[in-house]
């Protein structure tokens, strides 16, 4: 979802940078991209290990969210990705089912969808909190396929993170590596790579 529906990854990384700065760790945004695609629990656990943070996982999460919420709820900070609405309208015209499958919390997913006016757009919303293992494991995609009664090889997944692409590939879906986000990640494992939703729409209509 982050970086695919809305360009919120940059907000999260900036919040993470500010949180670590409060603990006297100077870290670049680029260094923090390695945490993208992970669940919040896994990020907190990895941060605690990487930066020898003495706070509990709950405290790390709570303190990060203070910085993130300031940015997330700032006026005009959360917008749908360019071309997304057009793509979704085409899917709707063809009665194609759509789902959001994200490493964010269910509350976070719904808040982002609300902020971009898409709270009633998708047939299914799933967080990795619903499964035992988050991305890069395929569990959440396998659950989505089961709940939507879909055949994996006929499902198109749009991902922008390496771990997300790995998860979708292991679930045997067709994976589009989306590179329209401001934060660029390695999408080379995807079946196809696109720089924009306009490019994806042109490809799908060809």
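The values are calculated or read from the model by the stated rules, or taken from the named source; none is laboratory data. This is a predicted model, so every value here is computed, not measured. Cβ coordinates were reconstructed from backbone atoms using ideal geometry, including for glycine residues, and neighbour counts include every protein chain displayed.
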Would you say residue 59 is assigned to a helix (DSSP H, G or I), in contact (Cβ under 8 Å) with a residue 24 or more places away in the chain, surrounded by fewer than 20 Cβ atoms within 10 Å (Cβ to Cβ) and not assigned by TED's automatic domain parsing to the domain that holds residue 106?
-> no
Please tell me if residue 159 is in contact with a helix residue (DSSP H, G or I) (Cβ under 9 Å, 6 or more places away or on another chain), under 29 Å from residue 202 (Cβ atoms) and modelled with pLDDT under 95.
-> no
Look through segment 118-151, keep the residues that are out of contact with any strand residue (DSSP E or B) (no Cβ under 8 Å at 6 or more places or on another chain) and part of a helix (DSSP H, G or I), and return whichever of them is surrounded by the most Cβ atoms within 10 Å (Cβ to Cβ).
-> 145
Taking segment 159-181 and keeping residues buried (at least 19 other Cβ atoms within 10 Å of the Cβ) and in a strand (DSSP E or B) leaves 159, 175, 176, 177, 178
For segment 28-56 the number of residues that are more than 24 Å from residue 159 (Cβ to Cβ) and either in contact (Cβ under 8 Å) with a residue 40 or more places away in the chain or crowded, with 17+ Cβ neighbours inside 10 Å (or both) is 1
Report yes if residue 113 is in the same structural domain as residue 175 (by TED's automatic domain parsing) and either more than 30 Å from residue 205 (Cβ to Cβ) or buried (at least 17 other Cβ atoms within 10 Å of the Cβ) (or both), otherwise no.
-> yes
Filtering segment 18-39 down to residues that are touching a helix residue (DSSP H, G or I) at 6+ places or on another chain (Cβ under 6 Å) and either assigned to a helix (DSSP H, G or I) or more than 21 Å from residue 187 (Cα to Cα) (or both) yields 18, 19, 27, 29, 32, 35
Among (1) in a loop (DSSP other than H, G, I, E, B); (2) under 30 Å from residue 171 (Cα atoms); (3) at pLDDT 95 or above; (4) touching a helix residue (DSSP H, G or I) at 6+ places or on another chain (Cβ under 7 Å), the one test that residue 96 misses | (4)
Test: residue 88 is over 15 Å from the mean Cα position of the chain (by Cα), outside the structural domain of residue 37 (by TED's automatic domain parsing), at pLDDT 95 or above and on the phi < 0 side of the Ramachandran plot = yes
